[in-house]
Amino acid sequence: MRKLNPLELLEYIGESEKTVTRELGAARGTTMLRIELSQEAAAKMTYAGLDEQMKLLAARIDRKGDPLYSDDPLVRERLKSIWSRDEKEMRQMLDDIEAATICHLTIDKHTQLPSRLTMERKLAYVDESGKSRTETLVSDVTFGDL
């Protein structure tokens, strides 16, 4: 997957259904907000990110010079078939996914700009063999001076 883009995340948070609370115990000169996305917003964010990654992967199969590209059209067809099967499987798993996303945003009181953003995303789903699986993604971004 591509790296977390904190500006895109902040934009998505701004547009999403969420619960925002102020956390106690923030460092001096800062305010910390706890932002919990609704189950639907967290699932939608997960779906959109994975869908984008799958589309980028599919495009690489036909891009000359890419490691996934082959001059042999039969190999490319086989790769497209595998991609199609896996994309369908992903969509089926995402139909019943349980997603939870919690972010902590630290804001500098003097500049009113974010200084740190952490995100924890937990996903619970049933894989293709029927087993329950859980995944957690933790991201931590520190904003610096330009």
**OP:** Could you tell me which residue of region 11-34 is most open to solvent (accessible area, probe 1.4 Å), considering only residues that are among the charged types (D, E, K, R) and in a strand (DSSP E or B)?
**Re:** ARG22
Original post:
What number goes with the only condition from (1) assigned to a helix (DSSP H, G or I); (2) closer than 26 Å to TYR125 by Cβ; (3) open to solvent by 80 Å² or more (accessible area, probe 1.4 Å); (4) at pLDDT 90 or above that GLU8 does not pass?
Top reply: (4)
**OP:** Among the residues of region 35-61, write down those that are out of contact with any helix residue (DSSP H, G or I) (no Cβ under 7 Å at 6 or more places or on another chain), over 27 Å from GLU17 (Cβ atoms) and open to solvent by 60 Å² or more (accessible area, probe 1.4 Å).
**Re:** LEU56, ARG60
**OP:** Given the conditions (1) part of a loop (DSSP other than H, G, I, E, B); (2) open to solvent by 60 Å² or more (accessible area, probe 1.4 Å); (3) not hydrophobic (A, V, I, L, M, F, W, C), report the number of the one that TYR69 does not fulfil.
**Re:** (2)
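I'd like to check something: does region 101-124 contain any residue that is open to solvent by 70 Å² or more (accessible area, probe 1.4 Å), within 30 Å of MET32 (Cβ to Cβ) and of a type in the set (Val, Ile, Thr)? Please lay out each step first, then the result.
If we filter region 101-124 for residues that are open to solvent by 70 Å² or more (accessible area, probe 1.4 Å), which is where we start, we get 109-113, 116, 120, 122.
Among the residues that remain, those that are also within 30 Å of MET32 (Cβ to Cβ) are: 109-113, 116, 120, 122.
Next cut, of a type in the set (Val, Ile, Thr) only: 111.
Within region 101-124 (the criterion being open to solvent by 70 Å² or more (accessible area, probe 1.4 Å), within 30 Å of MET32 (Cβ to Cβ) and of a type in the set (Val, Ile, Thr)), the answer is yes, since at least one residue qualifies.
Do you know which of the residues in region 109-138 that are under 25 Å from ALA26 (Cα atoms) and of a type in the set (Lys, Arg) is farthest from the chain's Cα centre (by Cα)?
Out of the qualifying residues, it is LYS109.
Suppose we keep only residues that are small (Gly, Ala, Ser) and in a helix (DSSP H, G or I) within region 79-108. Which one would you say is farthest from the chain's Cα centre (by Cα)?
SER81
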**OP:** Tell me which residues, restricted to region 72-100, are hydrophobic (A, V, I, L, M, F, W, C) and open to solvent by 70 Å² or more (accessible area, probe 1.4 Å).
**Re:** LEU74
Subject >> Filter pass, SER16 being within 26 Å of LEU123 (Cβ to Cβ) and touching a Leu at 6+ places or on another chain (Cβ under 7 Å) >> reply: yes
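The values are calculated or read from the model by the stated rules, or taken from the named source; none is laboratory data. Source: prediction; values computed, not measured. Methodologically, a virtual Cβ is constructed for each residue, glycine included, from the backbone with ideal geometry; neighbour enumeration extends over all protein chains shown. For accessibility, only protein heavy atoms count, side chains too; no ligands or nucleic acids. Shrake-Rupley method; radii C 1.70, N 1.55, O 1.52, S 1.80 Å.
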